[in-house]
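Undergrad: A single structure is presented below for examination.
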Amino acid sequence: MAKVSELILSLFDVGAVKFGSFKLKSGIQSPIYFDLRVIISHPKLMQTICEILEEVVGGLKAVDVICGVPYTALPLATIISVRKNIPMVIKRREQKLYGTGKMIEGEYTEGQTKCLILEDVVTTGSSIVETTLALRSHGILVDEAIVVLNRNYPAADENLKKNGISLTSVVKVDQLLDVLLNGDRITLKQKVEVEKFLAEGQTIPEAVQPLKTEQNGDGEEGIESSLSKKLSSPKSQKLFDIIISKQSNLCLSADCETWQELISIGEVVGSKICAMKTHVDALSFQDPNEIALFKRKLAELASEHNFVIIEDRKFADIGSTVMKQLTAAPFSISEWAHFVTVHSIPGPGMLKAFKEKDKGVILIAEMSSVGNLPSILPDYKKKTLEMVEESGNEDIVVGFVSQSRVGSSLGGKGGGGSATCFLQFTPGVSLHSTGDALGQQYVTVRNAILERDADVIIVGRGILQQGREKWVEAAEQYRKEGWEALKEKLQLK
Ligand code: S5P
């Protein structure tokens, strides 16, 4: 306990816990802020943290390996591994595009190796869950995690419990506040202010991992980072981060006949895509067990390869019906899709259903098919944008399915300003065809991105119809052309 108090004071002294006024992405001001990344500059503190963690590890059931969640917990796990002679495994943040293509580094035996996860800070628990699912998908057994700092966010406990993970915390926020007050690091007023902030259900901001940015000498932020900030919602920012880190703006439209085929293509092209779009009601399933298996495998794939799942349901009804369609078994779309497509026809009320279920919305502003009404009706696109802005739903609307820009451009034509932007998803892209017999119309990758201002290209048959043995090659061709064109459009290096 004395050691933990010492740790808390040191965390404050090195600036890993800050008090003041910090603006969150959501615009809310927070009186407290965590950034544990700074601890790597303080070896003594690293040692104290590891000693405490080792005591905790000693009190848990024996494990075969430990795994630190990148980045800050990685060096902590390394120190503990060496000192306690427990081997490590590392989960890669993205799958290697070459070589063995392994996701997990280190030795393990499927179905036998038991792993303990280490994390520096827990907010929603999603990084721990993501790491757990990736490890489990490789047959590694995981049911416990340790965290240095727990922000006492109730959703985290629920999230971890739901995924069968029990969490041990070294420091909880209430204890941190007590120790800092007694140690004269903060005033009673500051403590009360943070307690009130937390009681309102707010989460303490944590330093987010920076995007791959080119820092100028004068500390100016990189272009990717400033573009990301222009996006309307943390959800679109997350997708943009994936696009930059995977160098892919390719969304695979996985319009397969069977769910097994969909999973197969996800396995082989997962590293090449930023998103996978599904039509779950167009897949054939034998029974509900298969649907459950499909959902689990798809979620694991998305976590392992770091891509977003978009269910292209094109919801188009009043809010209460939409809510049922979103949640009802057997598909239970809200459980596994990150984003869903939605028509703007019913008006803004139905957007509440998606907000309640925390789903990112991609609104259909225009279609690719011959004679589609949204493209013909005057102002349809403009009204769709106004609907989002006037109803204050920018935080859940990730972007638009469209053949031309809706609102401000991220960096293409008319871009460069500071206005809030939405991502543009453009389907009807093929390098092999100009259309089909049922009204679909195609443009090339470069045309979609450089002429029509797409940020994300949606490609289905262009890849699928190349045949199983050519899926990877075709996906790589679209990824490469798409990324080159996006770099050109956004003037990335
Ligand atoms: O306007 C549209 C909107 C969508 S979401 N045109 C489209 O083609 N789509 C979807 O994109 C369509 O439902 C299909 O899943 C995919 C295009 O597939 P492809 O095989 O023609 O590339």
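The values are calculated or read from the model by the stated rules, or taken from the named source; none is laboratory data. If you're wondering where the values come from, they're calculated on a predicted model, not measured in any experiment. Counting neighbours? That spans all protein chains shown, and the Cβs are built from the backbone with ideal geometry, glycine included. To get the accessible areas, we keep the full protein, side chains included, count just its heavy atoms, and leave off ligands, DNA and RNA. Shrake-Rupley method; radii C 1.70, N 1.55, O 1.52, S 1.80 Å.
Undergrad: What number of residues within region 100-132 are within 21 Å of LEU160 (Cβ to Cβ), touching a strand residue (DSSP E or B) at 6+ places or on another chain (Cβ under 9 Å) and not basic (Lys, Arg)?
TA: At the first step, the residues of region 100-132 found to be within 21 Å of LEU160 (Cβ to Cβ) are 104, 113-132.
Subsequent filtering for residues that are touching a strand residue (DSSP E or B) at 6+ places or on another chain (Cβ under 9 Å) retains 104, 113-123, 125, 127-128, 130-132.
Next, from what is left, pick out any that are not basic (Lys, Arg): 104, 113, 115-123, 125, 127-128, 130-132.
Number satisfying all stated conditions: 17.
Undergrad: Another question about this same structure. Is at least one residue of region 169-180 within 30 Å of LEU60 (Cα to Cα), under 26 Å from the mean Cα position of the chain (by Cα), open to solvent by 30 Å² or more (accessible area, probe 1.4 Å) and aliphatic (A, V, I, L, M)?
TA: Scanning region 169-180, I find no residue that is within 30 Å of LEU60 (Cα to Cα), under 26 Å from the mean Cα position of the chain (by Cα), open to solvent by 30 Å² or more (accessible area, probe 1.4 Å) and aliphatic (A, V, I, L, M), so the answer is no.
Undergrad: Same structure again: Could you list all residues from region 427-469 that are in a helix (DSSP H, G or I), open to solvent by 60 Å² or more (accessible area, probe 1.4 Å) and either at pLDDT 95 or above or within 14 Å of the ligand (Cβ to nearest atom) (or both)?
TA: Correct list: ARG446, GLU451, ARG461.
Undergrad: Going by what's in this entry, would GLY371 be described as within 14 Å of the ligand (Cβ to nearest atom) and either farther than 25 Å from GLN237 by Cβ or in contact with a His (Cβ under 6 Å, 6 or more places away or on another chain) (or both)?
TA: Considered against the rule, which asks whether it is within 14 Å of the ligand (Cβ to nearest atom) and either farther than 25 Å from GLN237 by Cβ or in contact with a His (Cβ under 6 Å, 6 or more places away or on another chain) (or both), GLY371 comes out as yes.
Undergrad: Look at SER41 and say whether it is free of Cβ contacts under 8 Å to residues at least 24 places away in the same chain and either under 30 Å from GLY139 (Cβ atoms) or open to solvent by 40 Å² or more (accessible area, probe 1.4 Å) (or both).
TA: no
Undergrad: Going through GLN424, GLN477 one at a time, which residue ends up being open to solvent by 10 Å² or more (accessible area, probe 1.4 Å) and either assigned to a strand (DSSP E or B) or within 16 Å of the ligand (Cβ to nearest atom) (or both)?
TA: From the options GLN424, GLN477, the qualifying one is GLN477.
Undergrad: Checking the structure you have, find out if any residue of region 405-416 is exposed (fewer than 15 other Cβ atoms within 10 Å of the Cβ) and within 11 Å of the ligand (Cβ to nearest atom).
TA: The answer is no, given that none of the residues of region 405-416 is exposed (fewer than 15 other Cβ atoms within 10 Å of the Cβ) and within 11 Å of the ligand (Cβ to nearest atom).
Undergrad: Could we say that PHE307 is within 24 Å of the chain's Cα centre (by Cα), buried (at least 21 other Cβ atoms within 10 Å of the Cβ) and within 14 Å of the ligand (Cβ to nearest atom) here? If you could, list the steps in order and put the result at the bottom.
TA: Details: within 24 Å of the chain's Cα centre (by Cα): yes; buried (at least 21 other Cβ atoms within 10 Å of the Cβ): yes; within 14 Å of the ligand (Cβ to nearest atom): no.
Against the criterion (within 24 Å of the chain's Cα centre (by Cα), buried (at least 21 other Cβ atoms within 10 Å of the Cβ) and within 14 Å of the ligand (Cβ to nearest atom)), PHE307 does not qualify.
Undergrad: Check every one of the strands (runs of 3 or more DSSP E) wholly within region 1-77 and list those with 1 or more residues that are over 30 Å from THR109 (Cβ atoms), assigned by TED's automatic domain parsing to the domain that holds THR168 and of a type in the set (Phe, Trp, Tyr).
TA: 17-23, 29-34
Undergrad: Could you check how many residues of region 346-394 are in a loop (DSSP other than H, G, I, E, B) and either open to solvent by 70 Å² or more (accessible area, probe 1.4 Å) or in contact with a Cys (Cβ under 7 Å, 6 or more places away or on another chain) (or both)?
TA: Total satisfying the criteria: 6.
Undergrad: Then there is this: For region 52-73, enumerate the residues that are among the polar types (S, T, N, Q) and within 12 Å of LEU141 (Cβ to Cβ).
TA: none
Undergrad: Something else: Answer yes or no: is there a residue in region 102-124 that is within 21 Å of ASN306 (Cα to Cα) and in a helix (DSSP H, G or I).
TA: no
Undergrad: Filter region 272-297 for residues that are in a helix (DSSP H, G or I) and at pLDDT 95 or above and give the result.
TA: Listed by number, the residues that qualify are LYS272, VAL280, ASP281, ALA282.
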